[in-house]
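Take a look at the structure set out below.
Each value in this text was obtained by applying a stated rule to the coordinates, not by laboratory testing. Predicted, not measured: the structure shown is a model, and the values here were computed from it. Ideal geometry is used to build each Cβ from the backbone, glycine not excepted, and the neighbour counts take in all protein chains shown.
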Amino acid sequence: MTLTGQRIVVIGGSSGMGLATAHAAAAAGAVVTIASSSKERIDAALAELPDSCDAAALDVRDEAAVSGLFARVGELDHVVFTAGDRADRRTLEELPLDEARRIFDVRFWGAVAVAKHAAPRIRPGGSITLTSGTVGVRPVQGAALAAAGSAATEGLVRGLAVDLAPVRVNAVRSGAVRTPLWDAVPEPQRAAVLDDFARRALTKTVGKPQQIATAHLYLMENRFTTGTVLTVDGGLILTGN
Ligand SMILES: NC(=O)c1ccc[n+]([C@@H]2O[C@H](COP(=O)([O-])OP(=O)(O)OC[C@H]3O[C@@H](n4cnc5c(N)ncnc54)[C@H](OP(=O)(O)O)[C@@H]3O)[C@@H](O)[C@H]2O)c1
């Protein structure tokens with residue numbers, strides 16, 4: 001199956017792995033809409049994408065906005081969800097529970113809202129691809145809530161694959177990938193953290209956004225995949241901390 005002429009929405013498509021996926025899908029002939037919350041980031045991303053792409057400013061925490069986007073898009077073939085806000089680096093002891101709950105708002109509840117409103121409009125053979133991380137199966141120190149969020153997303157994928165069939169639902173479980181997400185970590189810690197991920201990976205590298213995009217294209221194109229979590233991590237989960 002080819003993506004030529006297919007209608008694809010990338011939520012989180014203004015940056016990092018989502019933007020790489022928008023580029024790759026457009027290059028494969030798809031008609032791509034990117035969405036994320038910041039108008040500036042959306043405009044900057046759209047300026048570097050082919051003219052066939054369009055964009056919408058959308059906060060996935062706003063269910064009415066998510067519903068409105070898919071009503072405007074109409075019938076579509078695939079949704080890729082890579083939206084993720086900056087990680088809260090406070091320890092559990094420092095974090096009031098009300099704020100801890102918000103860690104799930106974009107990555108988990110945003111994905112639920114997108115699946116809910118996209119699924120009824122997805123054409124036969126189409127798919128939804130969510131995002132989890134190796135942190136869910138091999139947490140680093142201080143990442144208990146991130147691990148829980150990632151594991152919850154993988155459970156959601158399996159449940160939705162059953163509930164929404166024949167719409168296919170999968171996830172890419174990403175290892176450390178060099179994207180603007182890491183800009184929140186100041187240098188020189190950022191370089192040290194990424195170097196350490198590279199040292200522990202079997203490939204001795206951190207990932208590139210394009211390597212996640214390749215996985216997204218595979219999950220969109222292969223109509224025999226659903227309920228699957230595809231790990232793309234340079235072998236990180238096989239190694240010790
Ligand atoms: N990079 C890694 O090493 C890594 C590893 C494992 C898992 N992950 C996960 O993979 C996902 C993508 O990461 P990335 O590295 O590509 O990050 P990124 O470059 O920071 O991109 C994140 C995207 O999410 C959008 N976003 C943030 N909050 C949003 C909201 N409320 N509503 C809609 N869109 C929103 C951002 O745009 P706006 O700012 O415009 O909203 C941006 O387009 C994240 O969930 C991340 O946790 C990343």
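Let me know the shape class of the range 152-241, please: from the alpha-carbon gyration tensor, a ≥ b ≥ c as square roots of the eigenvalues, rounded when a/c is under 1.5, otherwise prolate if a/b is greater than b/c, or oblate. Verdict is prolate for the range 152-241.
Semi-axes of the equivalent ellipsoid for the range 7-238, computed as √(5λ) from the eigenvalues of its C-alpha gyration tensor and ordered from largest down, come to 26, 19, 19 Å. Seen against the Cα atoms of the chain and their longest principal axis, helix 39-48 is set at about 70 degrees. Computed from Cα atoms, the angle from the helix 63-73 axis to the main principal axis of the chain rounds to 40 degrees.
Dipole of the chain computed with +1 at Lys/Arg Cβ and -1 at Asp/Glu Cβ about the Cα centre; of Gly207, Leu46, Ile103, farthest Cα towards the positive end is Gly207. Per-residue 3J(HN,Hα) values for the range 112-121, derived from phi via the Karplus relation 6.51 cos²θ - 1.76 cosθ + 1.60 with θ = phi - 60°, read 4, 4, 5, 4, 4, 8, 7, 3, x, 9 Hz in sequence order (x marks Gly and Pro). Exposed loop sites are taken as trypsin sites (Lys or Arg not before Pro) in a DSSP loop (any state but H, G, I, E or B) with at most 13 other beta carbon atoms within 10 Å; the longest stretch of the chain without one runs 91-203.
Judged by the gyration tensor of its Cα atoms, with axes a ≥ b ≥ c, the range 85-171 is prolate; a/c meets the 1.5 cut and a/b is the larger of a/b and b/c.
How far is helix 16-27 tilted, in degrees, relative to the longest principal axis of the Cα atoms in the chain, given as a value from 0 to 90 rounded to the nearest 10? Once rounded, the angle reads 30 degrees. A Förster radius of 30 Å combined with the Cβ-Cβ distance from Arg199 to Arg72 puts the calculated FRET efficiency at roughly 0.05.
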